[in-house]
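Okay, so here's the structure we're looking at.
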Amino acid sequence: MNSFELFHDCVKDISLSPVFQSMDKFVQHGDISTMEHTICVAYCAFNLARKKGLDYRTTARGALLHDLYLYDWHIKDFKKRPPLTHGFTHPAKAAENAKKYFNISDAEYKIIRNHMWPLTIFHIPPTKEALTVSLADKHCAWRETMGTYDNSPLRKEIKKYISFIQSDN
Ligand SMILES: [Fe+2]
Ligand SMILES: [Fe+2]
């Protein structure tokens, strides 16, 4: 089993679901959707967790759901616009949606709820897995913003996984 096959085995109930794939229509950065961003974070966190001997299944699952807030935070329509406090409020919304749509563990919930630390100052990642996802999120967001992700081999791999999960439905 290669790395992506093992990753898929850990998260397939999430990645193949319509609610997860609905994030493909929300913009994260530039031409990168929130779905692509969450897969990037989940795959990077999963690999880091495997290297460090952590619970890579929980890490991948929590990471894949960490931004399941289900709206476009760039939206210009004032009535539909999410609160200006999006950075502070979206972890709670994502955690609530993750519970509503998926069968998640307490450890996975904690990953989602605490991923924005230190912005959400009182929500400190309580486990190594949660800290790994919080760091992977910042790493991926930085690469997406600075453009170093755009034409990278990592993005090619992520795109291949997206084609795979979209063709499976
Ligand atoms: Fe987030
Ligand atoms: Fe994120």
Next item on the list: For the range 49-62, indicate whether the set of residues that are in a helix (DSSP H, G or I), within 16 Å of ligand 1 (Cβ to nearest atom) and touching a residue at least 60 places away in the same chain (Cβ under 8 Å) is non-empty.
Entry: yes
Check: So which of LEU65, LEU135 ends up being within 16 Å of ligand 1 (Cβ to nearest atom) and closer than 14 Å to ILE14 by Cα?
Finding: LEU65
Next item on the list: Could you list, in sequence order, all residues of the range 98-113 that are more than 14 Å from ligand 2 (Cβ to nearest atom) and within 13 Å of the chain's Cα centre (by Cα)?
Entry: GLU108, TYR109
Next item on the list: Take the range 24-48 and flag every residue that is touching a helix residue (DSSP H, G or I) at 6+ places or on another chain (Cβ under 6 Å), closer than 17 Å to THR148 by Cβ, away from ligand 1 (no atom under 13 Å from the Cβ) and not in a helix (DSSP H, G or I).
Entry: ILE32
Notebook entry, point to check: How many of the residues making up the range 87-113 are over 18 Å from VAL11 (Cα atoms) and either acidic (Asp, Glu) or surrounded by 15 or more Cβ atoms within 10 Å (Cβ to Cβ) (or both)?
Noted result: 7
Next item on the list: Within the range 146-158, identify whether any single residue is surrounded by fewer than 18 Cβ atoms within 10 Å (Cβ to Cβ), part of a loop (DSSP other than H, G, I, E, B) and of a type in the set (A, V, I, L, M, F, W, C), and answer yes or no.
Entry: no
Next item on the list: Have a look at HIS90, HIS86, HIS115 and point out the one that is modelled with pLDDT of 95 or more and either within 13 Å of ligand 1 (Cβ to nearest atom) or in contact with a helix residue (DSSP H, G or I) (Cβ under 7 Å, 6 or more places away or on another chain) (or both).
Entry: HIS115
Item checked: Considering residues of the range 114-130 that are more than 13 Å from ligand 2 (Cβ to nearest atom) and buried (at least 19 other Cβ atoms within 10 Å of the Cβ) only, the residue farthest from TYR71 (Cα to Cα) -> GLU129
Item checked: LYS138 under 19 Å from ILE39 (Cβ atoms) and surrounded by 12 or more Cβ atoms within 10 Å (Cβ to Cβ) -> yes
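The values are calculated or read from the model by the stated rules, or taken from the named source; none is laboratory data. For clarity, every value in this text was computed on a predicted model and none was experimentally measured. Ideal geometry is used to build each Cβ from the backbone, glycine not excepted, and the neighbour counts take in all protein chains shown.
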